[in-house]
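Shown next, in structure tokens, is the structure this report addresses.
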Amino acid sequence: MISAALFCIGLMGALTRRNAVSVLMCIELMLNAANLNLVAFNRYLGPAANAVPNGQLPILGGHAFAVVVITIAAAEAAIGLAIILTVYKNAHSISVDEINWMKW
């Protein structure tokens, strides 16, 4: 429930905000909601709910996916901020309504 609420808040913010930094932050919120969901599903639906038979390490599939998503989110934030800084340098605005350079 918390993950769905966070994802909906992030989606609403990404669709309604005009500031590019706010849109980027809302995308991060959606990725963190997905991470929370991955870890929760791994905990409750993982192999025998992460039982540790014979001293073996539990399978951490959801956690591994969460680490991958965190890595992708970090790369997305770095690239997104670099793009926003470049746009601000050239256009003196970071409003997504005013950035229409890629339109035909």
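Figures for the structure shown
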item	result
Residue-wise HN-Hα coupling along segment 22-30, computed from phi with Karplus coefficients 6.51, -1.76, 1.60 (Hz; x: Gly, Pro)	5, 4, 4, 5, 5, 5, 4, 4, 5
Distance between segment 63-85 and segment 1-48 - C-alpha centres, whole angstrom	13
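Since every read-out is calculated from the coordinates, none of them should be taken as a lab result. Being a predicted model, the structure only gives us computed values, none of them experimental.
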